[in-house]
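Worksheet for the structure shown next.
Just so it is clear, none of the values below were taken in a lab; they were calculated from the coordinates. On a predicted model such as this, the values are computed, not experimentally measured, just so you know. Note: ideal-geometry Cβ built from the backbone for every residue, glycine included; neighbour counts use all protein chains shown.
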Amino acid sequence: MATKTKKKIEKPVVQETATAIEAESSPTEALTMGRARSKESQEKGWASVFSLAKRLVAARPDDHLSSLLADLRELNIGRKDPGRYYRAKEMVRGVGSSILKRDGMTVEDGFYYPDVVNSQYRPNAISPIRYLSQLIRPDTTGIMEVGSGWSSNLFQLYIAHGATRSKKIIYYGGEYTGEGQRCAKFIAAREEKMNYRSFFFDYRAPDISFLARQRGHILLFTSHSIEQVDMINPELFEQLREIPNPVTVVHFEPVGWQRVPELMQRREANDKDFFEAIGTRAVAGNIDSVSENAAWWSWRLQYNMNLLPILERLQRGNVIRNVRTAYDFVANANVLNPSSLIHYEFVR
Ligand SMILES: C[S@@+](CC[C@H](N)C(=O)[O-])C[C@H]1O[C@@H](n2cnc3c(N)ncnc32)[C@H](O)[C@@H]1O
C-alpha cells in the first residue's frame with residue numbers, strides 16, 4: 001500500500017533574506033515622518049539572516065563561502081574593468097566614447113563603462129566590491145567596514161581578493177548589533193584561512209583607535225550604514241587622522257543630495273512643508289529630480305545629514321585628499337535612496 005508522504009516545502013531563501021534586510025517600509029507607510037530602523041528592528045533583521053545562514057550550512061555543509069553568499073545575498077563582484085575593451089579596441093571605441101560623452105565621461109573613466117539598458121545606450125558603474133578590491137595594495141594589512149551588518153561586503157571582498165593574497169590582511173567588521181556580529185563570526189568560521197575580527201561600533205561614539213597600532217596600509221569603507229544615523233560623530237575622522245600609516249576611505253552612502261545647498265538648508269530647518277510637497281509629488285511618480293526625492297526620503301526617515309559637510313571641512317583643511325566622487329551612481333534596493341561613491345585618502 002502506498003503511503004502518503006508529506007511534500008517538504010522549501011522556503012525561498014532569497015525572498016526571506018530580502019525581507020529581513022529591507023528597511024522600515026510597509027505598504028501603509030505614511031508620507032510624513034518615519035524613522036530609521038531601531039536597533040531592535042535591525043537586531044531582528046540580522047537574527048533572521050543568521051538563522052537562514054545556519055539552516056543553509058546545516059543543509060549544505062560542503063558548500064564554499066561563495067555559495068553561501070550567493071544564496072544569502074547577491075555575490076556582486078562583477079567583471080574586472082569592463083571599460084578596458086573600449087580603450088583597447090579601436091573598432092568599438094567610437095561608440096563607447098559617445099555613450100559616456102553624453103554624461104561628461106570618457107572611456108578612461110575606470111568606474112563608469114558603456115552599456116545597453118532596455119535598448120538604450122547608457123553608462124553603467126562597476127560593482128562596489130570590484131571597486132574596493134582594486135584599492136587593496138601590496139602593503140594593505142587591514143580592511144575594515146564600519147556599520148558592517150553581518151559583513152557580507154567583507155566576505156565578498158575576501159572572495160574577490162582570494163586567500164593567497166589575504167594572508168597578511170585582517171578583515172575587520174565593526175557593527176552596532178550583536179546579531180550582526182554573531183552572524184558574521186559564524187560565517188567567518190567557515191573560512192579557516194580568513195583572518196576576520198568583529199567588534200562593536202557605534203557612529204555616535206566611535207572607537208577605532210586600536211587601528212593606530214596596525215602597520216601598513218588600511219582600507220576602510222562604509223555602505224549604507226552612515227545613512228542610518230542622522231548626525232555621525234566627527235571623532236571617527238579624528239581617529240583616522242591619528243593613524244600614522246596610509247589610510248584609504250570609501251563611502252557608498254545615499255548622501256548625494258547633501259551637495260545641494262537649498263536641500264541642506266531646508267533639512268537643517270526641518271522644513272516639513274517643503275519636504276512634504278516633494279514627497280507628495282514623488283508618491284505620485286514624479287521623477288524630475290533624483291536629489292530632491294532622495295532628500296525627502298532622508299528627511300522622512302531622519303537619515304544622515306552631516307557626512308558631506310564633515311568631508312568638505314576635512315578637505316578644506318587639507319586633512320583628506322579626494323580621489324573620486326560619483327554622486328547617485330546606483331540604486332540597488334530603492335531608487336529613492338541612491339548610493340554615492342566618495343573615495344579619499346588621509347594626507348600624511
Ligand atoms: C542597511 S544596513 C547595511 C549593512 C552593511 N553595511 C551592508 O552594506 O550590507 C545598516 C547597518 O547600519 C548599522 N547601524 C545602525 N545604526 C548604527 C550606529 N549608530 N552605528 C553603527 N552602525 C549602525 C545597522 O546595525 C546595520 O548593520
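Under conditions of 37 °C and 0.692 mPa s, segment 42-124 yields 208 µm² s⁻¹ as its translational diffusion coefficient, taking Rh as the Kirkwood radius over Cα pairs in the Stokes-Einstein equation.
Under the convention that each Lys and Arg Cβ holds +1 and each Asp and Glu Cβ holds -1, the size of the dipole of the chain around its Cα centre is about 1300 debye.
Taking square-rooted eigenvalues a ≥ b ≥ c of the alpha carbon gyration tensor, is the chain rounded, prolate or oblate, where a/c under 1.5 means rounded and, failing that, a/b exceeding b/c means prolate? Cα axes put the chain in the rounded bin.
Of the GluC sites (Glu not before Pro) found in segment 95-186, the ones in coil according to DSSP and having at most 14 other Cβ atoms within 10 Å of their Cβ are E108. Adding -39500 (n - 2.57) for every DSSP H run of four residues or longer, then dividing by how many residues the chain holds, sets the calculated 222 nm ellipticity at -11000 deg cm²/dmol.
With Cα atoms defining each centre, segment 29-77 and segment 140-173 are spaced 18 Å apart in the structure.
Give the residue list of GluC sites (Glu not before Pro) in segment 190-251 that are DSSP loop and have at most 13 other beta-carbon atoms within 10 angstrom.
Filter output for segment 190-251: E192.
Here segment 195-348 is assigned +1 on the Cβ of each Lys and Arg and -1 on the Cβ of each Asp and Glu. Its dipole about the Cα centre then comes out at about 580 debye. Assign one of three labels to segment 178-238, namely rounded, prolate or oblate, based on the Cα gyration tensor with a ≥ b ≥ c the square roots of its eigenvalues; rounded applies when a/c is under 1.5, prolate when it is not and a/b is larger than b/c, and oblate otherwise. Oblate is the answer for segment 178-238, as a/c is 1.5 or above yet b/c matches or exceeds a/b. Its Cα centre serving as origin, segment 84-125 has a Cβ charge dipole (Lys and Arg +1, Asp and Glu -1) of approximately 80 debye. Between K80 and D202, the distance separating the two model label sites (each 7 Å from Cα on the Cα→Cβ line) works out to 4.3 nm.
At full extension, M231 and K101 could sit 43.1 nm farther apart than now, given 0.36 nm per residue minus the alpha carbon distance.
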